[in-house]
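The structure appears below as structure tokens.
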Amino acid sequence: MSAETPVQSAGTFARLRLRFRDWRGTRPFWAGLFTLLGGIPIAYFPYATLKLGHMSLAMATTAGAGSLIIGVLLVTLGLTMWFQSATRVFAGVATILLALVSLVISNIGGFLIGFLLALVGGALALSWAPGEPPVEAEGERHGADAPTGEAAPGDTLHDPAVAPRFPAAPLEKGEDGEADGVRVTGGHRVG
């Protein structure tokens, strides 16, 4: 392999996987997924019909429309968490409230499956916080944000780690030119 050999680029699948990973890292992805998955059983079970041999078991309740509305709202909130991550606190609180309401309205919250998934999704949405952007190295900054070495008018340079420096009082010299064990020249400390 020589220096002129072209580098083989990553495959399409690898590029898509990396793009998805980057997209997933900038939003409450798992909160949205759990919320979305929680809405499906809540909306589905009131309309499901199980067949056991020749016997049909319908789980339809009088609150079937309420269950459908709660399930659709949970799916919508899950998608909102993915695509509008700034509303994650509202979506998380609304998800938890809808999960609690689903216990009463829709077959014990989709037989506790939808309730638990939605509850975990809402909690994850409330606890998620966006990460800080990566810090660039000192020499990598370009453009208008690049440091120029000069402070703008009105800027005050303040470093909280450094204590403010006040002018020291002049020291009085003794006979040998020292004050408190430090040699003094012209009223200032040396050494």
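The values are calculated or read from the model by the stated rules, or taken from the named source; none is laboratory data. Small disclaimer: the values here were computed from a predicted structure and weren't measured. We place every Cβ from the backbone using ideal geometry, glycine too, and count neighbours over all the protein chains shown.
From the residues in the stretch 10-55 that are closer than 26 Å to residue 72 by Cα and among the polar types (S, T, N, Q), which one is surrounded by the fewest Cβ atoms within 10 Å (Cβ to Cβ)? Walk me through it before giving the result.
As a first pass, look at the stretch 10-55 and keep what is closer than 26 Å to residue 72 by Cα: 20, 23-51.
Checking the rest, the ones that are also among the polar types (S, T, N, Q) come to 26, 35, 49.
Numbers: 26: 11, 35: 35, 49: 9.
Of everything passing the filter in the stretch 10-55, 49 is surrounded by the fewest Cβ atoms within 10 Å (Cβ to Cβ).
Of the residues that make up the stretch 57-76, is at least one in a strand (DSSP E or B) and without any contact (Cβ under 8 Å) to a residue 40 or more places away in the chain? Yes.
Criterion first (hydrophobic (A, V, I, L, M, F, W, C), touching a Ser or Thr at 6+ places or on another chain (Cβ under 6 Å) and surrounded by fewer than 23 Cβ atoms within 10 Å (Cβ to Cβ)) does residue 58 satisfy it? So that I can check it myself, show each step before the final result.
Details: hydrophobic (A, V, I, L, M, F, W, C): yes; touching a Ser or Thr at 6+ places or on another chain (Cβ under 6 Å): yes; surrounded by fewer than 23 Cβ atoms within 10 Å (Cβ to Cβ): yes.
Against the criterion (hydrophobic (A, V, I, L, M, F, W, C), touching a Ser or Thr at 6+ places or on another chain (Cβ under 6 Å) and surrounded by fewer than 23 Cβ atoms within 10 Å (Cβ to Cβ)), residue 58 qualifies.
Among the residues that make up the stretch 16-25, is at least one of them over 22 Å from residue 113 (Cβ atoms), modelled with pLDDT of 95 or more and not polar (S, T, N, Q)? No, the stretch 16-25 contains no residue that is over 22 Å from residue 113 (Cβ atoms), modelled with pLDDT of 95 or more and not polar (S, T, N, Q).
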